[in-house]
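The values are calculated or read from the model by the stated rules, or taken from the named source; none is laboratory data. Everything numeric in this text was worked out from a predicted model, so none of it was measured. Cβ coordinates were reconstructed from backbone atoms using ideal geometry, including for glycine residues, and neighbour counts include every protein chain displayed. Accessible surface is based on the protein model in full, side chains and every heavy atom, while ligands, DNA and RNA are left aside. Shrake-Rupley method; radii C 1.70, N 1.55, O 1.52, S 1.80 Å.
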Amino acid sequence: MWLLIHKSGKTYLAPDRATYNTEYGLVELKGGYTKSSTGEEFLVTRPGFVDLWMRIKRGPQIAHWKDLGLIAALTGIGPGSRVLEVGAGSGFSTLFWAHLVGERGRVLSYEKNPKHYALLVENIEKFGFSHLEVLPDDPRKVGVKEKDFDLAFLDVPDPWELVHIVGDSLRPGAFLVSYLPTVEQVKRLEESLDGFTEPAVHEVIHREWKLGGRTRPLSSGILHTAFIVVARKIR
Ligand SMILES: C[S@@+](CC[C@H](N)C(=O)[O-])C[C@H]1O[C@@H](n2cnc3c(N)ncnc32)[C@H](O)[C@@H]1O
């Protein structure tokens, strides 16, 4: 695979072959700086994690990157951490955890919907993470097969059903984070958090700006995605 970067910031992912056609003309795939058939400059290089991750096939609603970034900062998840996830969907958050924790870490993720699971497997195969395992199960039925996780990320509509099950798999002091679109869900989760600290609730509002003369925020974008509920295991 090649990654083509144009001055505009636009990127293209190209298979291993001689040339690739873009809206700026035909580009030779040799690596390094090159000019397209219409004289436009490109850098041709190999794709990194973000280039592949942002392009995975989408199925159910993903956890937005603006929110995943905050969760990483608040929980300190990094190289060597152990992450348990329920609700992998097509794997957007799953792959982010796997990238952050690296080979010394571990990600175990559950996805109960067979259609979503098939897409998840297809998506994660391209990354070849040996420290990531995905299971086609519902932990409410099968339990969680490992312990001592540093973070449980629950991206499901009814996380209160899972608090006790995943709670047993967290080390003391570990984080439980739930990603919930409505206040009603947040309130219900709060009532179920036995053995955890009182939760903090966050929302991330992100605005991208347009440069070039009439500098201002873009007039369209994503506003509300979900509330991020963060609690720590104390019992
Ligand atoms: C919003 S999607 C998850 C998106 C994913 N975290 C991402 O960022 O791409 C929610 C997923 O949770 C799954 N799910 C819901 N309840 C579950 C449960 N109890 N056990 C396992 N998977 C569950 C659904 O099938 C669905 O695919």
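Which of the residues that make up the range 90-112 are open to solvent by 10 Å² or more (accessible area, probe 1.4 Å), in a loop (DSSP other than H, G, I, E, B) and within 13 Å of the ligand (Cβ to nearest atom)?
Glu111, Lys112
Examine the range 154-162 for a residue that is under 19 Å from Asp67 (Cα atoms), open to solvent by 30 Å² or more (accessible area, probe 1.4 Å) and in contact with a strand residue (DSSP E or B) (Cβ under 9 Å, 6 or more places away or on another chain), and state whether such a residue exists.
Yes, because at least one residue in the range 154-162 is under 19 Å from Asp67 (Cα atoms), open to solvent by 30 Å² or more (accessible area, probe 1.4 Å) and in contact with a strand residue (DSSP E or B) (Cβ under 9 Å, 6 or more places away or on another chain).
Using the structure shown, decide if Glu122 is part of a helix (DSSP H, G or I), open to solvent by 20 Å² or more (accessible area, probe 1.4 Å) and acidic (Asp, Glu).
yes
Can we say Ala14 is at pLDDT 95 or above, of a type outside the set (Lys, Arg), out of contact with any strand residue (DSSP E or B) (no Cβ under 6 Å at 6 or more places or on another chain) and outside the structural domain of Glu111 (by TED's automatic domain parsing)?
When the stated conditions are applied, Ala14 does not pass them.
Being outside any strand (DSSP E or B), without any contact (Cβ under 8 Å) to a residue 12 or more places away in the chain and open to solvent by 30 Å² or more (accessible area, probe 1.4 Å) is the requirement here; does Gly9 meet it?
Answer is yes for this residue.
Filter the range 163-185 down to the residues that are under 22 Å from the mean Cα position of the chain (by Cα) and open to solvent by 20 Å² or more (accessible area, probe 1.4 Å) and list them by number.
Matches in the range 163-185: Phe175, Pro181, Thr182, Gln185.
All but one of (1) open to solvent by less than 60 Å² (accessible area, probe 1.4 Å); (2) assigned to a loop (DSSP other than H, G, I, E, B); (3) farther than 30 Å from Ala200 by Cβ hold for Ile56, so report the exception by its number.
Only one criterion is unmet by Ile56, namely (3).
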